[in-house]
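Worksheet for the structure shown next.
Values in this text are rule-based calculations from the coordinates and carry no lab data. No experiment lies behind these values; they were computed from the predicted model shown. Don't worry about glycine lacking a Cβ; one is built from the backbone with ideal geometry, like all the others, and counts go over all protein chains shown.
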Amino acid sequence: MRSNDIGAESHATVSLRSAALAALARGWSVVPMHTPVAGRCTCGNSSCPSPGKHPRIVWEAYTRAPAGIDEIEDWWRRWPQANLGVVTGAASGLVVLDVDPRHGGGDALAQLESINGLLPRTVESLTGGGGQHVYFSHSGRRVPSKPAAPGLDVKGDSGIVIAPPSLHVTGRRYVWESGCAPDEIVVAETPAWLLEIVLDTHAAADRGAVPRDVAPRTDEERRAFEALWAEVGIMLEPGDRYYLCPFHDDHHPSLHVDSDNCRFYCFGCARGGGIGRLRRLLAREAGVPPLARPRNEAVSASGATSRDPDEVTMPGSTDVDVVGESQYQDALLELTGGRRHYAGVRMATVAELVPEPSNAADPDAVAVFVAGRRVGYLPRAEASRRLGAISATIRLRGDATCAATIVGGWEREHGDTGYFGVHLRL
């Protein structure tokens, strides 16, 4: 492990221990969980079905009362990289709705919300797998941990969820949704209709509240989906397209929208889902001024856009390798969605070149960003030679961008993993 990676891991360790103690201070019961390492679980089972998602200890006692400070400190001294598990139910005063869009959770929640209204604004986290954990308060009445609908699990008494900043098997970390961290918002009461579903599933199904198989999208649903995006200045085009994401400071298109199936996912901020998820995001953003940037240019799935000449403002024919990329492996993991078996990643994208005149080490330094994430720097000689042209392009065109390819990030047998790298075309 390189020295700069040791620093990053040390910071993550401190954050996990601190997050566990902060959760305890909120009255939550926490336990140490296993951790995914190179796609495998630290439990040692090569076929583990839930890498990084099950406890390292016998934890049933903590469903009745939280551990003490000394016990938590001891756990994270013993397992410094342990993921953070929050025990749900009466022990923590929490009920958590686990939304898994990969198994239809986004569509199921959209159908439930269309009948019962939007979920209240509350504490919410983004999982490393593209889902959400929505936190509600526990009333004291026992709530079973059980599925509420396809892709929707309610974690009540004797349940457990993974909390930020734990690591997901994809290489992403769990994070709190912007404006929805525990120190930013009060945990809302569990909606009565959600409790009814898990407490009396058959009666709820008789009322039509629990969705069955998700039907293909109707024209009416597609029009509603398009209207929601229009609220944030995105005019959808047919099929799979890429757009600038309105939910974070997106410098280049990282938001993938499937307008036919009413689905979306942002590779920059990891937000995604269907119509219901989009409605909740827009409701949360209500009253917040949109970023001062046009957001209506569409990019095809191949990366081409109707404004190609403007998108790449510094076209060229010389291959240049980005340096310092080892310090930004977490960002590259997020951008690519994780490692690939054996051959690794080869992902075409667009990079932005940003001069750093205040850089104490090198006032001619030029940082390289992809989708708003710093991924390294131009080599010193290349930066000095091209700084004038880059600065002139920024003055004339608004930014300096070039074609780029993210490569590497393989995962092979016996823990053999490769670093990500970035090639520029200048």
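Working from the alpha-carbon coordinates of segment 329-398, get Rg over Rh, Rh being the Kirkwood radius. Before the final figure, lay out each step's value.
Details: Rg = 14.3 Å, Rh = 13.6 Å.
Computed over Cα atoms, the ratio is 1.05.
So how do 235-248, 103-116, 51-64 stack up, highest first, on mean other-Cβ count within 10 Å? All intermediate terms of the calculation are to be shown ahead of the outcome.
Values: 235-248: 19.3, 103-116: 21.1, 51-64: 17.0.
The densest-packed peptide leads the list: 103-116, 235-248, 51-64.
Is the shape of segment 30-178 best called rounded, prolate or oblate, per the rule: a/c under 1.5 gives rounded, else a/b larger than b/c gives prolate, else oblate, with a ≥ b ≥ c the square roots of the Cα gyration tensor eigenvalues? Walk me through the intermediate numbers first.
Details: a/c = 1.98, a/b = 1.32, b/c = 1.49.
Taking the square roots of the gyration eigenvalues as a ≥ b ≥ c, segment 30-178 is oblate.
Which of the chymotrypsin sites (Phe, Trp or Tyr not before Pro) found in segment 317-382 are loop residues per DSSP with 12 or fewer other Cβ atoms within 10 Å of their Cβ?
Details: sites: TYR328, TYR342, PHE369, TYR377; in loops: TYR342.
The qualifying sites are TYR342.
May I ask you to evaluate 6.51 cos²θ - 1.76 cosθ + 1.60, the Karplus curve with θ = phi - 60°, for each residue of segment 226-239 and list the ³J(HN,Hα) values in order in whole Hz, giving x for glycine and proline?
4, 5, 5, 5, 4, 4, 10, x, 9, 9, 5, 10, x, x
Pull out the extension gain between ASP362 and GLU189, defined as 0.36 nm times the separation in residues minus the alpha carbon to alpha carbon distance; nm, one decimal. The partial results should precede the final answer.
Working: separation 173, 0.36 × 173 = 62.28 nm, distance 5.28 nm.
Between ASP362 and GLU189, full extension yields 57.0 nm more.
Report, by chain and number, residues whose modeled amide H sits under 5 Å from the one on SER137, excluding near sequence neighbours (fewer than 5 apart, same chain).
VAL95, ALA188, GLU189, THR190
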